[in-house]
1. Using a 1.4 Å probe, what is the accessible area per residue for segment 1-115, in Å²?
2. Given charges of +1 on the Cβ of Lys and Arg and -1 on the Cβ of Asp and Glu, with all other atoms neutral, how large is the dipole of segment 1-116 about its Cα centre, in debye to the nearest 20?
3. Summarise the accessible area of the chain (1.4 Å probe, protein heavy atoms) by the percent that is carbon and sulfur.
4. Within a Cβ distance under 13 Å of residue 210, other residues only, what is the Lys/Arg minus Asp/Glu net charge?
5. Tell me what the chain gives for mean residue ellipticity at 222 nm when only DSSP H runs of n ≥ 4 count, each as -39,500 (n - 2.57), the sum divided by the residue total, rounded to 500 deg cm²/dmol.
6. What full-extension length gain, to one decimal in nm, is calculated for residue 108 and residue 128 as 0.36 nm per residue of separation minus the Cα-Cα distance?
7. Loop-only check: which trypsin sites (Lys or Arg not before Pro) in segment 134-226 are DSSP coil with at most 15 other Cβ within 10 angstrom?
8. Pull out the extension gain between residue 19 and residue 76, defined as 0.36 nm times the separation in residues minus the alpha carbon to alpha carbon distance; nm, one decimal.
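The values are calculated or read from the model by the stated rules, or taken from the named source; none is laboratory data. Keep in mind the model is a prediction, meaning the values are calculated, not measured. All Cβ positions, glycine included, derive from the backbone under ideal geometry; neighbour counts span all protein chains shown. Protein only, heavy atoms only, side chains kept; ligands, DNA and RNA dropped before computing areas. Shrake-Rupley method; radii C 1.70, N 1.55, O 1.52, S 1.80 Å.
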Amino acid sequence: MLMNRHAAAPVDAIPDDIRADVETLWRYHDMHHELRPCDVGIGLGSHDLGVAVIATRLFHEGLFPWIVFTGANAPTTVERFPRGEAVHYREHAIEQGVPAESILVEPRATNTAENLEYSRQLLGERGIAVKSVLIMSRPYQQRRAYATCKLIWPEVDVVCASNPLDLDDYVSSIGDPRRVVNMLVGDTQRIEVYAERGFAIPQEMPDEVQVAFGRLVAVGYTTRLI
């Protein structure tokens, strides 16, 4: 098996010398919400098909009668989802038995704020009353999605969920541990920066998370920093 020169671990694994810090960030971004029925499920577009997977599963479990898939393309997704993130998510859900008429597609959004604002507009245009939303995202996007939604759409009750994979299984599903760590680091920075810029409500960040973030930045996980 090929080995990563950074540490004695398979190339598709988190290196042992940063594992504890990565796990700290991974736990921080999981909101640990108890799932409950909501008026609509919103799947946030990304490179991760797991968003469509969990949306499909929760629809079949009866947690919401409508799904909005939202997302255009980004440099990190255009190769995998050339017709747009939301469009590909919709196709997956239909293949898995979700009725096409239960899915709304929002194909313009290029960031989390737009995901939520454009979804709200689309639901309003369709006359769908919304008092609660179940937002589905990448695992490390949960906290940022929650904080953004509470600012943009404060009147709704928000529940967050992701495809329930542990860290190693998630890394294996993406196939690129360095990319996952960089994304975790970037989303951790955005929790504070976006609140400071008025894009999201503030979220508490424990000292251990700040320390783990700083160590990962110091060893070069910086490609997703603002």
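1. Values: 5550 Å² over 115 residues.
Accessible area per residue, segment 1-115: 48 Å².
2. Details: 9 positive and 17 negative charges, 31 e Å.
That gives segment 1-116 a dipole magnitude of about 160 debye.
3. On the way: 5320 of 10500 Å².
Carbon and sulfur together cover 51 percent of it.
4. Details: positive: 215; negative: 21, 192, 204, 207, 208.
Net of charged neighbours comes to -4.
5. On the way: 8 runs with 98 residues, N = 226.
About -13500 deg cm²/dmol.
6. Values: separation 20, 0.36 × 20 = 7.20 nm, distance 1.98 nm.
Additional length available on full extension: 5.2 nm.
7. Numbers: sites: 143, 144, 150, 178, 179, 190, 197, 215, 224; in loops: 197, 224.
The qualifying sites are 197.
8. On the way: separation 57, 0.36 × 57 = 20.52 nm, distance 2.41 nm.
Gain on extension, residue 19 to residue 76, equals 18.1 nm.
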